[in-house]
Amino acid sequence: MRNTQAAKRFLGKALKSMKSWAHPGAINTDKAPAYRAAITELKAEGKCPPDTVHRQVKHLNNIIETDHGKLKRLINPVRGFK
(Lines give C-alpha, C1' and ligand atoms only; values in the text may rest on other atoms or scores of the structure.)
Protein backbone atom coordinates (compact mmCIF):
# COMPACT_ATOMS: atom_id res chain seq x y z
CA MET A 1 0.00 0.00 0.00
CA ARG A 2 2.85 2.37 0.80
CA ASN A 3 4.38 1.92 -2.66
CA THR A 4 1.07 2.80 -4.31
CA GLN A 5 0.84 5.98 -2.26
CA ALA A 6 4.41 6.92 -3.14
CA ALA A 7 3.81 6.24 -6.84
CA LYS A 8 0.61 8.27 -6.76
CA ARG A 9 2.36 11.17 -5.04
CA PHE A 10 5.25 11.06 -7.53
CA LEU A 11 3.06 10.83 -10.64
CA GLY A 12 0.67 13.45 -9.26
CA LYS A 13 3.52 15.93 -8.79
CA ALA A 14 4.85 15.19 -12.27
CA LEU A 15 1.45 15.70 -13.88
CA LYS A 16 0.73 18.81 -11.81
CA SER A 17 3.95 20.48 -12.98
CA MET A 18 2.95 20.10 -16.65
CA LYS A 19 0.89 22.54 -18.62
CA SER A 20 -2.65 21.40 -19.42
CA TRP A 21 -1.80 21.11 -23.14
CA ALA A 22 1.38 19.11 -22.49
CA HIS A 23 -0.05 16.08 -20.67
CA PRO A 24 1.45 12.84 -21.97
CA GLY A 25 -0.39 10.52 -24.31
CA ALA A 26 1.38 7.54 -22.74
CA ILE A 27 3.13 6.80 -19.46
CA ASN A 28 5.87 4.15 -19.55
CA THR A 29 6.64 2.32 -16.32
CA ASP A 30 8.21 -0.92 -15.27
CA LYS A 31 5.98 -3.82 -14.25
CA ALA A 32 5.54 -2.78 -10.62
CA PRO A 33 1.85 -3.12 -9.71
CA ALA A 34 1.91 0.11 -7.71
CA TYR A 35 2.03 2.22 -10.87
CA ARG A 36 -1.10 0.65 -12.33
CA ALA A 37 -3.08 1.34 -9.15
CA ALA A 38 -1.69 4.88 -8.85
CA ILE A 39 -2.55 5.80 -12.43
CA THR A 40 -6.04 4.33 -12.06
CA GLU A 41 -6.61 6.43 -8.92
CA LEU A 42 -5.27 9.58 -10.59
CA LYS A 43 -7.59 9.06 -13.55
CA ALA A 44 -10.57 8.58 -11.20
CA GLU A 45 -9.70 11.84 -9.40
CA GLY A 46 -9.33 13.70 -12.70
CA LYS A 47 -5.65 14.52 -12.18
CA CYS A 48 -4.60 12.37 -15.13
CA PRO A 49 -6.35 12.59 -18.51
CA PRO A 50 -8.57 9.55 -19.12
CA ASP A 51 -7.13 8.96 -22.59
CA THR A 52 -3.56 8.53 -21.26
CA VAL A 53 -2.25 5.05 -22.04
CA HIS A 54 -0.25 3.19 -19.41
CA ARG A 55 2.41 0.95 -20.96
CA GLN A 56 4.19 -1.50 -18.69
CA VAL A 57 7.28 -2.59 -20.61
CA LYS A 58 10.43 -3.80 -18.93
CA HIS A 59 13.04 -1.71 -20.74
CA LEU A 60 11.05 1.00 -22.52
CA ASN A 61 11.40 3.58 -19.74
CA ASN A 62 14.99 2.70 -18.95
CA ILE A 63 16.79 4.81 -21.56
CA ILE A 64 19.61 5.96 -19.28
CA GLU A 65 20.64 2.48 -18.20
CA THR A 66 20.36 0.91 -21.63
CA ASP A 67 22.29 3.54 -23.57
CA HIS A 68 25.67 2.38 -22.28
CA GLY A 69 25.47 -0.91 -24.20
CA LYS A 70 27.44 0.48 -27.13
CA LEU A 71 30.20 1.65 -24.80
CA LYS A 72 30.41 -1.76 -23.15
CA ARG A 73 30.87 -3.43 -26.54
CA LEU A 74 33.75 -1.07 -27.27
CA ILE A 75 35.42 -1.10 -23.85
CA ASN A 76 35.18 -4.77 -22.82
CA PRO A 77 37.46 -6.17 -25.59
CA VAL A 78 40.12 -3.58 -24.75
CA ARG A 79 40.14 -4.47 -21.05
CA GLY A 80 41.87 -7.76 -21.86
CA PHE A 81 45.07 -5.96 -22.88
CA LYS A 82 47.06 -4.78 -19.87
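The values are calculated or read from the model by the stated rules, or taken from the named source; none is laboratory data. It should be emphasised that the depicted structure is a prediction, and the values quoted were computed from it without experimental measurement. So basically every Cβ, Gly included, is an ideal-geometry build from the backbone, and we count neighbours across all protein chains shown.
All of (1) small (Gly, Ala, Ser); (2) farther than 18 Å from Arg55 by Cβ; (3) within 14 Å of the chain's Cα centre (by Cα) hold for Ala7 with one exception: (2).
Hey, Ser17 hits all of (1) within 11 Å of the chain's Cα centre (by Cα); (2) at pLDDT 90 or above; (3) surrounded by fewer than 15 Cβ atoms within 10 Å (Cβ to Cβ) but one; which does it fall short on? Ser17 satisfies all of (1) within 11 Å of the chain's Cα centre (by Cα); (2) at pLDDT 90 or above; (3) surrounded by fewer than 15 Cβ atoms within 10 Å (Cβ to Cβ) except (1).
Any residue that is assigned to a strand (DSSP E or B), among the charged types (D, E, K, R), at pLDDT 90 or above and on the phi < 0 side of the Ramachandran plot - is there at least one of those in the stretch 49-60? Yes. What about Ala32, is it among the aliphatic types (A, V, I, L, M), surrounded by 10 or more Cβ atoms within 10 Å (Cβ to Cβ) and at pLDDT 90 or above? Taking the combined requirement at face value, the residue does not satisfy it.
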